[in-house]
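See below for the structure under consideration.
The values are calculated or read from the model by the stated rules, or taken from the named source; none is laboratory data. Owing to the predicted nature of the structure, the values given are computational and were not obtained by experimental measurement. Glycine also receives a Cβ, built like all others from the backbone with ideal geometry; neighbour counts cover every protein chain displayed. Heavy atoms of the whole protein, side chains included, go into the accessibility calculation; ligands, DNA and RNA do not. Shrake-Rupley method; radii C 1.70, N 1.55, O 1.52, S 1.80 Å.
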Amino acid sequence: MKRDQVGRGRESLSKGLRRERILYVEDDDDNWEIAELRLAKRYDLVRARTDEQACRFLREQHQDIDLILMDIELRGSELNGIELTELLRGNTLPERSLLPSYARHLPPVGKPVIFVTAHGARYTSVKLMLSGADKVISKPVDFADLQIALRELLVSRSLKG
């Protein structure tokens, strides 16, 4: 797969039934592969390796996803996961004119966001939640905890919708 393409996870096997679709913004191949193995039976997963891929995907298909898993440190990206989430939430970033062109005029995205990070000690939960996260999960990921968080947020979202 080319570096600038958004990677797709396994597609739903059951025709006619739509599974929840999750965008996972993750630069690390190992973390992606583990998540795909653990989550693909229940969810349709789409991967963005960089902030640019995430922005392009969300600009074109934000209505097609149900939730975003967001890594914080995104190698090869101009924006980290916190900045990207603030942008998706419509929060004002300093010097918006200095944003990369692909990140300008991105429509606010009201989908739940779960930060998945190995840098939990570097950022306080308050800062992460104020940036627009709905939940924070530390790496290495406890997939039982992640599954609970996913169900909780997706059920809550469907009840609101």
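Some points to look at:
- Residue-span extension gain [L130 to I34] - 0.36 nm each, minus C-alpha spacing: 31.7 nm
- Kirkwood Rh (inverse of mean 1/r, distinct Cα pairs), the range 34-161, angstrom: 15.1 Å
- With protein chains left intact and a 1.4 Å probe, residues in the range 68-151 average 49 Å² of accessible area per residue.
- Sorting the segments 59-71, 77-89 by their residues' average number of neighbouring beta-carbon atoms within 10 angstrom, most packed first, yields 77-89, 59-71.
- Using 0.36 nm per residue and subtracting the Cα-Cα separation, the extra length available between Q147 and R18 on full extension is 44.6 nm.
- Percent of C-alpha pairs per 10 Å bin in the range 112-161, short distances first: 25, 52, 21, 2.
- Accessible-area composition of the range 47-122, carbon plus sulfur, in percent [1.4 Å probe]: 46 percent
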